[in-house]
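Visitor: Just dropping this structure here.
The values are calculated or read from the model by the stated rules, or taken from the named source; none is laboratory data. Model, not experiment: these values are computed from the prediction. Just so you know, the surface numbers come from the protein's heavy atoms only, side chains and all, with ligands and any DNA or RNA stripped out. Shrake-Rupley method; radii C 1.70, N 1.55, O 1.52, S 1.80 Å.
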Amino acid sequence: MPRQRRTFTPEFKLQMVKLYENGKSRADIAREYDLTPSGLDKWIKNHRATGSFAAKDNRTDAEIELEKLRKENQRLLMENDILKQAALIMGRK
């Protein structure tokens, strides 16, 4: 049976990071609080990098650029569709 996805508050995540920074091992924290080691590692990495646990605050420059380009591409596709429709309407008159 797959594990149910859980969410944790930023306060809880910070508490786990502080436990690690105060010398408790990752394995002990993960076992004691029933966390995945990879999740705990991500919290520690994000806290060290930006001090935030929010995904939007921890994006790389490449991820930010990709998101910007995807939005621009979507806008251009929509404009293209509008222009095609306008050309069809103008062609009928």
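Visitor: Helix 10-21 sits at what angle to the longest principal axis of the chain, using alpha carbons and giving 0 to 90 degrees rounded to 10?
Guide: Relative to the chain, helix 10-21 is tipped by roughly 50 degrees.
Visitor: When only C-alpha pairs under 8 Å and at least 6 residues apart count, what is the relative contact order of the chain, in percent?
Guide: 17 percent
Visitor: Could you compute how much accessible surface Ser25 exposes when probed at 1.4 Å, giving the result in Å² to the nearest 10?
Guide: 50 Å²
Visitor: Please list 3J(HN,Hα) in residue order for the range 66-76, calculated via the Karplus relation 6.51 cos²θ - 1.76 cosθ + 1.60 where θ = phi - 60°; whole Hz, with x for glycine and proline.
Guide: In residue order, the calculated couplings are 4, 4, 4, 5, 5, 5, 5, 4, 4, 5, 5 Hz.
Visitor: Also: Just from its helices, what would the mean residue ellipticity at 222 nm be for the chain, if runs of 4 or more DSSP H residues each count -39500 (n - 2.57) and the sum is divided by every residue, rounded to the nearest 500 deg cm²/dmol?
Guide: So the calculated ellipticity at 222 nm is -23000 deg cm²/dmol.
Visitor: Turning to a different aspect of this structure: Of the cross-linked pairs Lys45/Lys71; Lys42/Lys68; Lys18/Lys56; Lys13/Lys45; Lys18/Lys45; Lys45/Lys68, which ones have a Cα-Cα span greater than 18 Å in the structure shown?
Guide: With Cα atoms farther than 18 Å apart: Lys45/Lys71; Lys42/Lys68; Lys18/Lys56; Lys45/Lys68.
Visitor: Let me know the volume per residue of the alpha-carbon convex hull for the chain, in Å³.
Guide: Per residue, the Cα convex hull of the chain comes to 152 Å³.
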